[in-house]
Amino acid sequence: MNNNNLPGLAKLPLSEFETHRKNFFTKMADNSVAFFSAASEVTRSNDTEFAFCQNKNFYYLTGFNEPDALLVLIKREAQEQAILFSLPKDKSHEIWHGRRVGQEKACQTYGFDQCFTLAEKNDLVSQYLNGTGQVYFAFNEAQLSHQIFTYLAQVRASVRQGVKAPTQLNDASPIIDDLRLIKSSYEIELMRQVNYISCLAHQRAMQKTSAGLFEYQIENEILHEFTRHGARYAAYATIVAGGDNANILHYTDNSESLNDNDLLLIDAGGELSGYAADITRTFPINGKFSTPQKALYQLVLDAKTQVISAIRPGITFAKLNEIANECLTKGLFDLAILSGDLAELVKNKACKKYFIHGLGHWLGLDVHDVGDYHNNDKKEQLRDFIPGMVLTIEPGLYMPLDDMDIEEQWRGIGIRIEDNIVVTSNGCENLTASCPETITDIETLMAK
Ligand code: GLY
Ligand code: MN
Ligand code: MN
């Protein structure tokens, strides 16, 4: 990698994408075909587009980063074939809009068995469907579903010529979601790297912050640090929320100026080769926590530390929620923000009045990554963690400025601390460990 001291990976080897396809093939019935569609460009205005973001299932199975392509997986008589349809080489188009891989190079570089242009798709897909028993595609992808039904109608229209149309449609999502949920050692190394880069960005933000700057100026410091280390894009819209803005959970305006005595909440993660980091830090704009800020911050930090130290195979989000609830509810009781019978408060999860979102979520190619949170057969039970799962832990406390039920000293404070955790065979690894989080470490860094 460039400009940092990370060992060079920053990209999955081709063999990883082949393994992902192999794993999907093993889940397919014999005599079946699966379809995965690339994303299309999205118009921002008139003839300008947003930065292209590949469909993550398609990327997981191919590593191929062009729009409008289609991956077809065919399993027949124990033979497996991966076929790509993609945009053709086109000199004049490429002069205006950028290079295309083309079919020859796609086969050589990405390990597909056959590659064709999009123009060849209609005829060939109809041939693939003829005589096939089952079809797989993601039912939640409207455009792809529409395309598949069109193909199926075409095939059915030819039954009098002896063509046999598939009769069973299967949702590919639960299968691929389950595969994506468990990360390989390569994927974990990429996520380690994107966390390391994102931690550098959070440190830069702490060092560059001072009253009078605008939130978007700190956002820019973060993006600058991401790109300096090879993470070209943020994994999601960066949140830079000064003071009471932190009480808006998905605040992305980032348009206001920073006030001397407020906290600043930053929720920002880079994306590296498609894989996301999702990290939050909260720190004082003037570099010194006030007494009430310190009390609430330490409480959130204690909750995060207790939860993470319990993570190991076999634990569930339900158990982690119990730990977070017990810690936060007791702490709020000790600060006299909650009052009453402590046992009743814990039983009623009283902290949820101020901890208003979930404790965490899966993380991977998507920031809120795919994967069932429940045991597949019993939806009422949260599933046991197993090695290779990656998740966030992100307790928070939110005390809006206009909440007249709380003492004035707490109002306008919003705190979240968010780390990214891999479940390992005997516990867990905190990928976010290099990001300052203790009051002393933050104040020391900001004093430099
Ligand atoms: N950045 C979104 C989240 O923390 O879930
Ligand atoms: Mn998160
Ligand atoms: Mn986040």
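Of note:
- Residue selected from the range 96-129 under the condition within 16 Å of residue 33 (Cβ to Cβ) and not in a helix (DSSP H, G or I), by the criterion least open to solvent (accessible area, probe 1.4 Å): 112
- Selection from the range 233-270 of residues that are surrounded by 21 or more Cβ atoms within 10 Å (Cβ to Cβ), among the acidic types (Asp, Glu) and within 30 Å of residue 56 (Cα to Cα): 267
A quick yes/no check of all residues on (1) among the hydrophobic types (A, V, I, L, M, F, W, C); (2) away from ligand 1 (no atom under 16 Å from the Cβ):
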| residue | (1), (2) |
| --- | --- |
| 242 | no, yes |
| 258 | yes, yes |
| 281 | no, no |
| 291 | no, yes |
| 301 | yes, yes |
| 306 | no, yes |
| 314 | no, yes |
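- Pairs are defined by a Cβ separation below 7 Å, a sequence spacing of at least 6 or placement on different chains, a first member in the range 328-340 that is touching a residue at least 12 places away in the same chain (Cβ under 8 Å), and a second member that is small (Gly, Ala, Ser) and part of a helix (DSSP H, G or I); the pairs so defined are 328/303; 329/350; 335/295; 338/350.
- For residue 341, the conditions (1) within 16 Å of ligand 1 (Cβ to nearest atom); (2) open to solvent by 40 Å² or more (accessible area, probe 1.4 Å) all hold with the exception of (1).
Yes/no matrix, rows are residues, columns are (1) away from ligand 1 (no atom under 13 Å from the Cβ); (2) out of contact with any Phe, Trp or Tyr (no Cβ under 7 Å at 6 or more places or on another chain); (3) open to solvent by 10 Å² or more (accessible area, probe 1.4 Å):
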residue	(1), (2), (3)
358	no, yes, yes
373	yes, no, yes
394	no, yes, yes
420	no, yes, no
429	yes, yes, yes
432	no, yes, no
444	yes, yes, yes
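- Selection status of residue 291, among the polar types (S, T, N, Q) and surrounded by fewer than 18 Cβ atoms within 10 Å (Cβ to Cβ): yes
- When the residues of the range 11-47 are filtered to those that are of a type in the set (Asp, Glu) and open to solvent by 60 Å² or more (accessible area, probe 1.4 Å), the one that is nearest to residue 147 (Cα to Cα) is 41.
- Residue 266 being in contact with a His (Cβ under 7 Å, 6 or more places away or on another chain) and within 16 Å of ligand 2 (Cβ to nearest atom): yes
- Among the residues listed as 413, 406, the single one being more than 16 Å from ligand 2 (Cβ to nearest atom), in contact (Cβ under 8 Å) with a residue 40 or more places away in the chain and buried (at least 23 other Cβ atoms within 10 Å of the Cβ): 413
- Filter result for residue 278 (in contact with an Asp or Glu (Cβ under 8 Å, 6 or more places away or on another chain) and touching a residue at least 24 places away in the same chain (Cβ under 8 Å)): yes
- Filter result (within 12 Å of ligand 3 (Cβ to nearest atom) and under 14 Å from residue 366 (Cβ atoms)) within the range 238-278: 269, 276, 277, 278
- Cβ pairs under 7 Å, 6+ apart, first in the range 90-118 and among the basic types (Lys, Arg), second open to solvent by 70 Å² or more (accessible area, probe 1.4 Å): 100/89
The values are calculated or read from the model by the stated rules, or taken from the named source; none is laboratory data. The shown structure was predicted, so the numbers you read here are calculated from the model rather than taken from an experiment. A quick note on method: Cβ atoms are made from the backbone with ideal geometry, for glycine too, and the neighbour counts reach across all protein chains shown. Protein only, heavy atoms only, side chains kept; ligands, DNA and RNA dropped before computing areas. Shrake-Rupley method; radii C 1.70, N 1.55, O 1.52, S 1.80 Å.
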